[in-house]
Amino acid sequence: QVQLVESGGGLVQAGGSLRLSCAASGLTFSTYGMGWFRQAPGKEREIVAAISWSGGSTYIADFVKGRFTISRDNDKNMVYLQMNSLNAEDTAVYYCAARARVFLLTTTRYDYWGQGTQVTVSS
């Protein structure tokens, strides 16, 4: 079965950086569009970034543009979210998601989701 496992979350001071990783298994990874979402307490899940199956195209939400980047390694079945200049508003559970043959899907209409990794930014 398809599994997505996030890692790399934790507690970081404001201004710091984290790199989230998502390991995918049970799917032909290179044919899946991938996304990173986040959900803060009491708020809806929101798109942070998305990447096409080849990695040639990316989407970054305006509120993290210039601070976050998304990348993938199709040989390793991994997708990454590099987060720099973190601030308290970035505190949330971060999820990766996968859907076959979609190009930069920015809604929650993904087929598979990881369990999430907590990111906490202290100010």
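The values are calculated or read from the model by the stated rules, or taken from the named source; none is laboratory data. Please read these numbers as outputs of a predicted model, since none were measured by experiment. Every residue, glycine among them, receives a Cβ derived from its backbone with ideal geometry; neighbour counts consider all protein chains shown. What goes into the accessible areas is simple: the full protein's heavy atoms, side chains included, and nothing from ligands, DNA or RNA. Shrake-Rupley method; radii C 1.70, N 1.55, O 1.52, S 1.80 Å.
A few remarks follow.
- Screening residue 123 on (1) closer than 21 Å to residue 44 by Cα; (2) open to solvent by 60 Å² or more (accessible area, probe 1.4 Å) shows it passes everything except condition (1).
- Some residue of the stretch 63-73 being over 19 Å from residue 29 (Cα atoms) and of a type in the set (Ser, Thr, Tyr): yes
Matching residues to (1) on the phi < 0 side of the Ramachandran plot; (2) surrounded by 16 or more Cβ atoms within 10 Å (Cβ to Cβ); (3) in contact with a Phe, Trp or Tyr (Cβ under 7 Å, 6 or more places away or on another chain):
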position	(1), (2), (3)
16	yes, no, no
26	no, no, no
37	yes, yes, yes
46	yes, no, yes
54	yes, no, no
60	yes, yes, yes
68	yes, yes, no
77	no, yes, yes
89	yes, no, no
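- Number of residues in the stretch 76-99 that are more than 19 Å from residue 6 (Cα to Cα) and among the aliphatic types (A, V, I, L, M) equals 1.
- Taken over the stretch 67-89, the criterion of being in contact with a Gly (Cβ under 7 Å, 6 or more places away or on another chain) and not polar (S, T, N, Q) is satisfied by 72, 86.
- Within the stretch 92-115, the set of residues being in contact with a Lys or Arg (Cβ under 9 Å, 6 or more places away or on another chain) and either among the acidic types (Asp, Glu) or in a loop (DSSP other than H, G, I, E, B) (or both) comprises 102, 105, 108, 109, 110, 111.
- Number of the condition not met by residue 30 [criteria: (1) closer than 17 Å to residue 94 by Cα; (2) outside any strand (DSSP E or B); (3) open to solvent by less than 60 Å² (accessible area, probe 1.4 Å); (4) not charged (D, E, K, R)]: (1)
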